[in-house]
Amino acid sequence: MEDLQEALREGGLTVSALPGKGRSLFTAKDFYPGEVIIRQEPYVFVPNNSASERRCEGCFSSSNLKKCSACRVVWYCGCSCQKSQWKVHQLECRALARLDEDKRKAVTPTIRLMLKLYIRRKLQDEKITAADNYRLVEALVAHMSDIDEKQLVLYAQMANLVNLILQWPEINIKEIAENFSKFSCNAHTICDSELRPLGTGLYPVISIINHSCLPNAVLVFEGTAAVVRTVQHISGGSEVSISYIETARSTMTRLKALKEQYFFTCSCPRCDRVGQPADIQESAVLEGYRCKDDNCTGFLLNDSDDRGFRCQQCGLLREKEELKEITNEIRTMSEKAVAATSSAKLEEAISIYKMIEKLQGELYHPYSIFLLQTREKLLKMLMEVEDWKEALAYCRITIPIYERIYPTIHPLLGLQYYTCGKLEWLLGDSDVALKSLGKAVDILRVTHGTSTPFMKELMMRLEEARAEASYKIRPIDE
């Protein structure tokens, strides 16, 4: 790996092994907020295509798509993307074209990612492609000994399908199964600038970066390129960290998610305080119940005699039976809401989710992540039906919760300000939009940089809002 170290040193980085963590990425110089630490193109990537959603193989565009006439699996938006992917796809295409219709339907994005991995390796061996880095994939940890038998069987079945498709005698089925496990722990969801998932990619160098629930860097994507930027000053000699999971959850929930998906126990500063009073309070606020007294903002903990949950501020008790009854009602209504959404009955779904929101408002703490998730669903659906005024009302309700559960510089907080500002601008409230868009730019220029089309559009909106606000306050005689 000396050549990797040399390449990283040129960018002020180095790889070192840490006990309990393995390979870790460290800085060899100071990095400042918004600075790019590392950028990497994927070794392999695929769009998350399905029967209901299709994207271009090269750029993930969903417009003007045409299906590959030979394999009838892959889609392209034009000749440019088709040519850029042809070296890999020509081998994949031959293999897919041999399959009957039923087997072709079984070729999921994950299966295709594995097909492309072995094709890239084959091309590398034959010196057809320039990137010579399959050894970086080999160095990734598979965690095979940590996987349960059911998952191992699934990986074996998927490996057999890959073998059946490629029909290459040199392929080792056990190695394919191990690589599926590597995908599970190391592949990244490729998102657009608004963090909407588009595809999946394998970035072997980015995968060296370890997790923290209080990360000093953020991973975003510019097209298919993974870009890691600092969100705070990182001194030379410090470890670089990003977040693998949603961090706005209780410590126990985060620890469980990391153990199940990535097979490690997080020891970051947030997780190290598990069980301490501040952590107990934060967890009870994020995932716990609200006080019966509407004027009380206290959090509830399990009562000592196990009769229910008692408010730690005013002492009022909420009986378990009452909480169970509301929870069951929410569960029943959630099933109806999902069914309505699946049937594209958005107005009906909005009505049901509003009832769920009301019940959750009675059940959960005002800063509950569950209540926030319901309001986010309502915001998204209201924007889909173009009810801008009510969408803005929901967006504004969520802002104080975002400000509480995320750090000052966090892409999700910046994007929520952006949504708020966009709606305010649409409804003609340019003065308020100016403030929201300004807050969005302050955050997103750090997490996203300033050169992407998304950021250029955002900064243009901000300038337009400033110009309009300036025009409004100009004296009449001018």
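Below are the figures for this structure:
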{"quantity": "Qualifying helices (runs of 4 or more DSSP H) (wholly inside the range 113-218; at least 1 residues being small (Gly, Ala, Ser))", "calculated": "149-166, 173-186"}
{"quantity": "Condition check for LYS83: of a type in the set (Lys, Arg), exposed (fewer than 13 other Cβ atoms within 10 Å of the Cβ) and in a helix (DSSP H, G or I)", "calculated": "yes"}
{"quantity": "Sole exception among (1) among the basic types (Lys, Arg); (2) part of a loop (DSSP other than H, G, I, E, B); (3) in the same structural domain as TYR118 (by TED's automatic domain parsing) for ARG94, by number", "calculated": "(2)"}
{"quantity": "Residue in the range 55-78 that is under 20 Å from TYR134 (Cα atoms) and of a type outside the set (A, V, I, L, M, F, W, C) present", "calculated": "no"}
{"quantity": "Unmet requirement for TYR406, which otherwise passes all of (1) crowded, with 16+ Cβ neighbours inside 10 Å; (2) without any contact (Cβ under 8 Å) to a residue 60 or more places away in the chain", "calculated": "(2)"}
{"quantity": "Filter pass, TYR367 being part of a helix (DSSP H, G or I), under 30 Å from LEU427 (Cβ atoms) and not aliphatic (A, V, I, L, M)", "calculated": "no"}
{"quantity": "Residue match in the range 42-52 (condition: under 30 Å from GLY236 (Cα atoms) and either not in a strand (DSSP E or B) or not assigned by TED's automatic domain parsing to the domain that holds LEU99 (or both))", "calculated": "yes"}
{"quantity": "Checking VAL274 against (1) without any contact (Cβ under 8 Å) to a residue 60 or more places away in the chain; (2) touching a helix residue (DSSP H, G or I) at 6+ places or on another chain (Cβ under 8 Å); (3) within 18 Å of ILE356 (Cα to Cα), the condition it does not meet", "calculated": "(3)"}
{"quantity": "Filter result for the condition that a residue is farther than 23 Å from MET252 by Cβ, under 29 Å from the mean Cα position of the chain (by Cα), of a type outside the set (Val, Ile, Thr) and loosely packed, with under 15 Cβ neighbours inside 10 Å, over GLU335, GLU325, GLU319", "calculated": "GLU335"}
{"quantity": "Conditions (1) closer than 29 Å to VAL228 by Cα; (2) assigned to a helix (DSSP H, G or I); (3) at pLDDT 95 or above; number of the one not met by GLY449", "calculated": "(2)"}
{"quantity": "Some residue of the range 304-311 being touching a Ser or Thr at 6+ places or on another chain (Cβ under 9 Å) and either at pLDDT 95 or above or farther than 26 Å from TYR402 by Cα (or both)", "calculated": "yes"}
{"quantity": "Exclusive hit being in the same structural domain as MET381 (by TED's automatic domain parsing), aliphatic (A, V, I, L, M) and either within 30 Å of ASN216 (Cβ to Cβ) or part of a helix (DSSP H, G or I) (or both), set ALA257, ALA344, ALA339", "calculated": "ALA339"}
{"quantity": "Test: ASP429 is surrounded by 15 or more Cβ atoms within 10 Å (Cβ to Cβ), at pLDDT below 95 and of a type outside the set (Gly, Ala, Ser)", "calculated": "yes"}
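The values are calculated or read from the model by the stated rules, or taken from the named source; none is laboratory data. Every value quoted in this text rests on a predicted model; they were computed, and no experiment measured them. Positions of Cβ are backbone-derived with ideal geometry, glycine not excepted, and every protein chain shown enters the neighbour counts.
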